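The values are calculated or read from the model by the stated rules, or taken from the named source; none is laboratory data. Bear in mind that the values here come from a model prediction, so they are computed numbers and not experimental data. Please note: Cβ atoms are built from the backbone with ideal geometry, for glycine as well, and neighbour counts cover all protein chains shown.
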Amino acid sequence: MNKELHAHMIKFLERGSRYDGRKPLEYRDILVEYGIVKNAEGSARVKIGETEVITGVKLVVDKPYPDTPEQGSLMVGAEFLPIANPDFEVGPPGIAAVELARVVDRGIRESKAIDVKKLCITAQEKVWTVIVDICTVNDAGNLFDVSALSAIAALQSTKFPEYADGKIQYGKLTDTPLPLADVPIEVTVFKIGKSYIVDPTPDEEKVYDARLTVAISRDGRLCALQKGGDVALSEDDIFAMIDIAAEKQHELREKLEG
Amino acid sequence: MKRIDGRKPDEMREMSAKAGIIPRADGSGYFQIGNTIAYAAVYGPRNLYPRFLQDPQKGILRVNYNMMPFSSKGERVRPGGNRRSKELGLVIEKSLLPVVNLYEFPNAVVDVFVELPQTDAGTRCAGICAAAIALADAGIPMRDLVAAVSAGKAGDTVILDLNYEEDSAEEGADIPVAMTGRSKEITLLQMDGRMTAEDLRKAVQLCRKGISQIIAVQQKALQEKYAP
Amino acid sequence: MGTLLVSEKTVVVPGQELATGMDYLPGFGAYRDGEHIVASQLGLLSVEGRAIKIIPLSGKYIPKNDDTVIAQVVDITLHGWRLEINSAYSAMLTLKDATSDFIARDADLTAYFNFGDWIVAGVANVTTQKLIDLTMKGPGLRKLGEGMIVRVGPSKIPRIIGKGGSMVSMIKEYTGCRIIVGQNGVLWIQGSPEGEMLAAKTIKEIEQHAHRSGLTERIKEFLGQFPKPEAVPLPPEEERPHRERRPFDPNRRPMRRSGGFR
């Protein structure tokens with residue numbers, strides 16, 4: 001975007017309005033659907049506005065890492081599928097997908113949402129590994145928040161498959177849900193000019209100066225942060241953005257079950 | 001004879017289709033048959049790089065096929081594709097190519113991306129059905145729609161639209177067939193398994209019947225998107 | 001005798017039979033196969049005398065001579081500017097077509113149009129190989145200043161313009177905005193924030209209902225739901241597309257993309 005158009009958008013934001021008519025701190029409609037993929041042990045589809053992400057959870061039995069013989073593990077991957085955005089290409093995850101996956105991973109891991117000790121089957125021999133795959137379907141902005149919400153929703157819906165004699169019976173789920181000790185919510189606050197916004201559109205994502213993703217646990221504690229963007233933030237900025245995230249997380253949280 | 005899931009030999013699984021489900025794409029389609037779900041998105045015609053891939057006389061069609069990591073009935077599918085997904089991308093491309101007219105778009109590419117969130121046999125066929133909807137939705141000039149379904153054998157009976165159990169049966173055959181909607185020209189034919197030529201003829205005829213039904217579902221999906 | 005198989009203005013899909021018999025002739029988006037006329041394009045059926053054609057409902061912009069487009073500068077070459085026009089191909093604006101000023105060989109072309117700038121330009125020529133030349137010579141063709149860019153499907157543009165420009169005039173009048181419509185599906189809106197937002201919303205509304213009848217009435221009603229935005233004085237239109245030229249300075253750093261520290 002050129003100078004004039006950038007300036008124009010900033011002027012708009014400073015008056016408290018956005019091109020699509022929303023207020024700066026207003027999310028688009030949020031929709032969470034559980035259990036949409038029959039072949040996954042857990043899954044969810046989240047739509048915020050026109051942005052749509054599907055996340056599926058697969059459970060596998062692995063040997064534990066030697067330094068944590070009684071703990072299972074968590075793996076989060078993100079696929080920026082080329083159906084979602086003309087700029088997404090076929091091939092291994094790019095740096096944007098890797099960053100997103102790691103930020104979502106940290107929110108879940110550091111909130112201790114998954115008690116990895118409960119994933120142990122036989123110490124030193126067999127533990128469950130929880131694999132979360134985030135797949136973008138339509139990118140209309142704000143993939144961070146949509147992906148994080150779909151990942152935690154997919155985990156909420158996850159049930160263990162039947163397991164006997166060292167073999168998993170995929171397709172036969174038990175009634176035992178994956179134990180979740182917490183439900184972290186991630187909110188990303190963007191700074192454009194002097195204004196803060198949440199839930200950006202692709203046009204806004206093109207011009208933002210900096211962003212801060214804040215993961216917040218059920219009891220309101222911060223559990224992960226990620227600052228992004230090309231411009232530095234002041235200390236005041238950071239805490240203002242954290243306050244916004246702490247406020248907005250309730251809106252996302254109430255869309256989840258339980 | 002009754003099949004594992006209670007269908008008649010010439011009965012297809014339940015279908016549903018939608019057009020325009022991916023707003024960011026130039027065209028998109030959704031096709032579900034039984035528990036197999038395919039999304040397809042079209043981007044283009046657009047610039048094609050690297051340059052040596054360009055054709056100065058017409059645009060090229062490029063199809064990518066991908067199963068989402070959690071889509072399979074068994075273990076997790078490693079992301080990033082494999083030899084199978086490469087071949088399926090190719091055969092889907094070849095099944096669509098005879099109907100699209102890209103002479104108006106020299107040096108350009110029309111990209112079709114097929115993604116499967118959930119699979120239960122017949123993924124290439126579902127992918128073709130979704131992709132045809134997406135191409136039409138993108139306004140690409142095409143002389144016909146294309147639809148696909150597979151036929152096979154259970155015992156002595158030729159059956160239409162195999163599900164996972166029928167597809168993975170020891171003694172059987174799997175024959176995916178794609179045809180154009182109006183003229184019923186065959187644009188995809190593969191087979192694995194053993195079968196007499198006579199049974200193959202029966203199988204192709206069954207597919208032809210099934211394809212007519214699918215075409216009607218595709219038409220309806222496209223018309224519904226723009227219906228007043 | 002020829003028979004029409006589908007009624008006019010219905011949505012037809014590729015491969016659908018539209019008419020039988022030799023009385024009808026296939027126009028855009030249709031072809032003859034023996035006795036039948038068949039659709040080769042998704043769109044609305046339109047019959048003009050004996051000709052059956054399809055009005056597309058989707059698809060990329062296909063550039064035609066004398067179209068007005070809104071384009072964005074993506075590159076600057078020795079000979080001029082390369083612009084993105086929302087089609088399968090990018091377009092060129094040569095120095096000769098950009099201005100009647102004399103431009104020295106070593107001139108800084110960013111002083112005319114910089115990276116990311118939006119311009120409203122005319123399509124001067126399209127070759128069979130889809131090399132597209134733009135021109136700035138013509139009334140109203142200029143660089144665009146502050147404003148909002150809105151994108152719609154190029155096939156929807158005729159409905160947004162309306163008969164003789166009636167639809168866009170109605171939006172301009174109600175919202176107090178300056179609106180330039182590019183045939184390529186890109187629009188530029190300049191006005192008060194409320195005006196611009198309402199204009200953008202209305203354009204999206206037209207896009208969504210473009211294929212339905214009674215559109216003008218519907219849009220009139222749509223606008224009526226919102227209070228008329230207060231009119232604000234608009235900045236003067238930039239008549240000529242250039243700024244003052246800087247004298248050549250051999251010590252100046254070479255051109256580079258804008259950006260870096262902000």
Exercise. Please work out if B:I186 is more than 9 Å from every other protein chain (Cβ to nearest Cβ) and surrounded by 21 or more Cβ atoms within 10 Å (Cβ to Cβ).
Key: no
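Among residues belonging to the range B:59-79 that are part of a loop (DSSP other than H, G, I, E, B) and of a type in the set (K, R), point out the one that is farthest from A:L81 (Cα to Cα). Let's see the steps before the verdict.
From the range B:59-79, those part of a loop (DSSP other than H, G, I, E, B) are B:59, B:68-79; that's our starting set.
Still in the running and of a type in the set (K, R): B:73, B:76, B:78.
Details: B:K73: 21, B:R76: 17, B:R78: 14 Å.
The extreme case among them is B:K73.
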Practice problem: Could you tell me whether the range A:55-73 includes any residue that is under 24 Å from A:V198 (Cβ atoms), facing chain B (nearest Cβ under 9 Å) and in a loop (DSSP other than H, G, I, E, B)? | Solution: no
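Of everything in the range B:33-58 that's part of a strand (DSSP E or B) and surrounded by fewer than 20 Cβ atoms within 10 Å (Cβ to Cβ), which residue is modelled with the highest pLDDT? Break it down into steps so the answer makes sense when it comes.
Applying the first criterion (part of a strand (DSSP E or B)) to the range B:33-58 yields B:33, B:36-47.
Then keep just the ones that are surrounded by fewer than 20 Cβ atoms within 10 Å (Cβ to Cβ); that gives B:46-47.
On the way: B:R46: 95, B:N47: 92.
Of everything passing the filter in the range B:33-58, B:R46 is modelled with the highest pLDDT.
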Exercise. Mind listing whichever residues of the range A:241-258 are crowded, with 16+ Cβ neighbours inside 10 Å and either without any contact (Cβ under 8 Å) to a residue 12 or more places away in the chain or within 13 Å of A:K191 (Cβ to Cβ) (or both)?
Key: A:M241, A:I242, A:I244, A:A245
Quiz item: Taking A:T176, is it touching a helix residue (DSSP H, G or I) at 6+ places or on another chain (Cβ under 6 Å) and hydroxyl-bearing (S, T, Y)?
Solution: no
Exercise. Could you check, for the range C:89-96, whether at least one of its residues is outside any strand (DSSP E or B), within 24 Å of C:F115 (Cα to Cα) and touching a residue at least 40 places away in the same chain (Cβ under 8 Å)?
Key: yes
Quiz item: Going by the conditions given, is A:T158 surrounded by 24 or more Cβ atoms within 10 Å (Cβ to Cβ) and in contact with a Phe, Trp or Tyr (Cβ under 7 Å, 6 or more places away or on another chain)?
Solution: no
Practice problem: Return only the number of the condition from (1) out of contact with any helix residue (DSSP H, G or I) (no Cβ under 6 Å at 6 or more places or on another chain); (2) closer than 30 Å to C:L78 by Cα that C:M170 does not satisfy. | Solution: (2)
Quiz item: Could you list, in sequence order, the residues of the range B:101-126 that are more than 19 Å from A:V90 (Cβ to Cβ), buried (at least 24 other Cβ atoms within 10 Å of the Cβ) and within 14 Å of chain C (Cβ to nearest Cβ)?
Solution: B:F105
Quiz prompt | Residue list for the range B:19-29, filter: of a type outside the set (A, V, I, L, M, F, W, C), surrounded by fewer than 24 Cβ atoms within 10 Å (Cβ to Cβ) and at the interface with chain A (Cβ under 10 Å from one of its Cβ atoms) | solution = B:P23, B:R24
Quiz item: Which members of the range A:182-210 meet the condition of being under 13 Å from A:L13 (Cα atoms) and assigned to a loop (DSSP other than H, G, I, E, B)?
Solution: A:G193, A:K194, A:P200, A:Y208
Exercise. Those residues that are out of contact with any Pro (no Cβ under 6 Å at 6 or more places or on another chain), of a type in the set (V, I, T) and in contact (Cβ under 8 Å) with a residue 60 or more places away in the chain, I need them from the range B:95-127; list them, please.
Key: B:V99, B:V109, B:V112, B:V114, B:T119, B:T123
Quiz item: List the pairs whose first member sits in the range A:125-143 and is more than 11 Å from chain B (Cβ to nearest Cβ), whose second member is of a type in the set (D, E), and whose Cβ atoms are under 6 Å apart, counting only residues at least 6 apart or on separate chains?
Solution: A:N142/A:D199
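Among A:V198, A:V189, A:V207, which is of a type outside the set (D, E, K, R) and surrounded by fewer than 19 Cβ atoms within 10 Å (Cβ to Cβ)?
Numbers: A:V198 fails: surrounded by fewer than 19 Cβ atoms within 10 Å (Cβ to Cβ); A:V189 fails: surrounded by fewer than 19 Cβ atoms within 10 Å (Cβ to Cβ).
The match here is A:V207.
Take the residues of the range C:20-37 that are more than 33 Å from the chain's Cα centre (by Cα) and closer than 12 Å to C:L4 by Cβ: which is nearest to the other protein chains (Cβ to nearest Cβ)? Write out each step before concluding.
So in the range C:20-37, the residues more than 33 Å from the chain's Cα centre (by Cα) come out as C:20-23, C:33-36.
Add one more test, that the residue is closer than 12 Å to C:L4 by Cβ, and what stays is C:20-21, C:23, C:36.
Details: C:T20: 13, C:G21: 17, C:D23: 21, C:H36: 8 Å.
The qualifying residue nearest to the other protein chains (Cβ to nearest Cβ) is C:H36.
Output the number of residues of the range A:122-147 satisfying the condition of being among the hydroxyl-bearing types (S, T, Y) and touching a Pro at 6+ places or on another chain (Cβ under 6 Å).
Keep residues of the range A:122-147 that are among the hydroxyl-bearing types (S, T, Y), which gives A:122, A:129, A:136, A:147.
Still in the running and touching a Pro at 6+ places or on another chain (Cβ under 6 Å): none.
Total satisfying the criteria: 0.
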Quiz item: Which members of the range A:74-109 meet the condition of being away from chain B (no Cβ under 14 Å) and small (G, A, S)?
Solution: A:A96, A:G107
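For B:I140, state whether it is buried (at least 24 other Cβ atoms within 10 Å of the Cβ) and in a loop (DSSP other than H, G, I, E, B).
On the way: buried (at least 24 other Cβ atoms within 10 Å of the Cβ): yes; in a loop (DSSP other than H, G, I, E, B): yes.
The answer is yes for B:I140.
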Quiz prompt | Test for C:M148: is it surrounded by 20 or more Cβ atoms within 10 Å (Cβ to Cβ) and more than 12 Å from every other protein chain (Cβ to nearest Cβ) | solution = no
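Hey, among the residues in the range A:211-236 that are part of a loop (DSSP other than H, G, I, E, B) and polar (S, T, N, Q), which one's farthest from the other protein chains (Cβ to nearest Cβ)?
First, the residues of the range A:211-236 that are part of a loop (DSSP other than H, G, I, E, B): A:217-221, A:230-234.
From the residues that got through so far, the ones that are polar (S, T, N, Q) too are A:217, A:234.
Values: A:S217: 26, A:S234: 15 Å.
Only one residue tops the list, namely A:S217.
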Quiz item: Does A:I10 meet the test of being more than 10 Å from every other protein chain (Cβ to nearest Cβ), closer than 24 Å to A:K191 by Cβ and at pLDDT 95 or above?
Solution: no
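C:E221 - would you say it is surrounded by fewer than 12 Cβ atoms within 10 Å (Cβ to Cβ), charged (D, E, K, R), under 30 Å from C:G140 (Cα atoms) and modelled with pLDDT of 55 or more?
On the way: surrounded by fewer than 12 Cβ atoms within 10 Å (Cβ to Cβ): yes; charged (D, E, K, R): yes; under 30 Å from C:G140 (Cα atoms): no; modelled with pLDDT of 55 or more: yes.
Spelling it out, it is not the case that C:E221 is surrounded by fewer than 12 Cβ atoms within 10 Å (Cβ to Cβ), charged (D, E, K, R), under 30 Å from C:G140 (Cα atoms) and modelled with pLDDT of 55 or more.
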